[in-house]
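The values are calculated or read from the model by the stated rules, or taken from the named source; none is laboratory data. Because the structure is a prediction, the values reported are computed rather than measured. Cβ sites come from the backbone with ideal geometry, for glycine too, and all protein chains shown count toward neighbours. With ligands, DNA and RNA removed, areas are computed over all heavy atoms of the protein, side chains included. Shrake-Rupley method; radii C 1.70, N 1.55, O 1.52, S 1.80 Å.
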Amino acid sequence: MNLIHRCVLLAGACLLATGALAQPMTVADVKYAETLQMADANLQLNGAGVRYKAVFKVYTAGLYLEKKAATTAEVTALKGPKRISITMLREIDSTELGKLFSRGMEDNMDRAAFSKLIPGVLRMSQIFSDHKKLAAGDQFMIDWVPGTGTIITVKGKPQGEPFKEPEFFNALLGIWLGNAPADWKLKDALLGKPA
């Protein structure tokens, strides 16, 4: 009877641990699911954090991958689907955000590589300009779907045709994971490093 009792307790502990792992991660009151389905793949949350500008919280970001990655090189080497999910924490002028993203891409690439992506960068900037403002709580996602390209979704709506080049998604990732990231603490958080 003692052995059966221990087995029941162990099974219960395993169920509780599994339930705890499946709980969403909350970052600045924004919930990030531990897993999600995208392009016939099961993605897991690699990490999530807050983008600060001076002392102000601007947005939260979560990085989803097919398997955990601890470095930028590991993230870019993964061939499957990827997602950056961003939720605004304050209102921001979308045109300004588009310019900041363009600058973030440029700061993390050599000039020749960046110049090849200029048409895509201009189109991405236009996507954000068309939205005028993003309010606190508004969400956008940047997805890499193999065979399709990079899809930008703003407030639940995909924006135009996918960006076909894999380099474009990796350049966008550079904003957060490059050698000159927008926010070092956010980079560490997205790579799953403890605060």
All conditions in (1) touching a residue at least 60 places away in the same chain (Cβ under 8 Å); (2) touching a helix residue (DSSP H, G or I) at 6+ places or on another chain (Cβ under 8 Å); (3) under 24 Å from LEU45 (Cα atoms) are true of PHE168 except (1)
What residue, of LYS157, LYS67, is under 23 Å from TYR32 (Cβ atoms), among the charged types (D, E, K, R) and within 16 Å of the chain's Cα centre (by Cα)?
LYS67
Over region 175-195, the set of residues assigned to a helix (DSSP H, G or I) and open to solvent by 10 Å² or more (accessible area, probe 1.4 Å) is TRP184, LYS185, LYS187, ASP188, ALA189
Looking across region 36-51 at residues that are closer than 18 Å to THR87 by Cβ and of a type outside the set (A, V, I, L, M, F, W, C), the single one that is most open to solvent (accessible area, probe 1.4 Å) is ARG51
Lone unmet requirement of (1) among the hydrophobic types (A, V, I, L, M, F, W, C); (2) at pLDDT 95 or above; (3) more than 15 Å from the chain's Cα centre (by Cα) for ILE151
(3)
Among the residues of region 118-143, which ones are open to solvent by less than 30 Å² (accessible area, probe 1.4 Å) and within 20 Å of the chain's Cα centre (by Cα)?
GLY120, VAL121, MET124, SER125, ILE127, PHE128, LEU134, PHE140, ILE142, ASP143
Of all residues being part of a helix (DSSP H, G or I), of a type in the set (Gly, Ala, Ser) and open to solvent by 30 Å² or more (accessible area, probe 1.4 Å) in region 52-107, which is nearest to GLY149 (Cα to Cα)? Just the residue, please.
ALA77
